[in-house]
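The values are calculated or read from the model by the stated rules, or taken from the named source; none is laboratory data. Keep in mind that this is a model prediction, so the values were computed, not measured. Protein only, heavy atoms only, side chains kept; ligands, DNA and RNA dropped before computing areas. Shrake-Rupley method; radii C 1.70, N 1.55, O 1.52, S 1.80 Å.
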Amino acid sequence: MESKGYSLLGLAVRAGKVSFGHDAVKQNIRQKNAFVLLFSTDASSRLREEMKGLGASLPVIELPFDSTQVAARLGKKAAVLTVNDPGFAKGLC
C-alpha cells in the first residue's frame, strides 16, 4: 500500500467507515457491510482463516505493520480491519 493508500485509510477511519477487531469485523462481514479486509503482520493464522472464510469474496490487503503500529497510525489497536464503504474500498484496491 502506497502513501496515498495510508492517507485514504486514515480518512476512512475519520469518516467512521473502518471496523477494528474480530467482533466488529465479523459483524460487518455477516451484514454485508464490508468491502475490503485488512490484516496486520501479527494477525494469527487462525484469525486469517476465520475471516477469509467469512468474507471469501472480499479483497484482502496485508498491511506492512503490526497491530501496535496500526494503533499508532489509525488510533485503535487491531490485527484485522474492514473498510465499510465502497468508495474508500475502491481507492484502496
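Of note:
- On a per residue basis, the chain carries 55 Å² of accessible surface, using protein heavy atoms and a 1.4 Å probe.
- For the chain, relative contact order (Cα pairs under 8 Å, six or more residues apart, normalised by length) works out to 42 percent.
- Recomputing Rg and Dmax of the Cα atoms in Å from the coordinates shown identifies the correct label among (i) 11.6, 30; (ii) 15.1, 46; (iii) 13.6, 39 as (i).
- Helix-derived mean residue ellipticity, 222 nm - over the chain, DSSP H n ≥ 4, -39500 (n - 2.57), to 500: -14000 deg cm²/dmol
- Per-residue ³J(HN,Hα) for region 40-55, Karplus 6.51 cos²θ - 1.76 cosθ + 1.60, θ = phi - 60°, Hz, x for Gly and Pro: 7, 5, 9, 5, 6, 5, 4, 4, 4, 4, 4, 6, 5, x, 5, x
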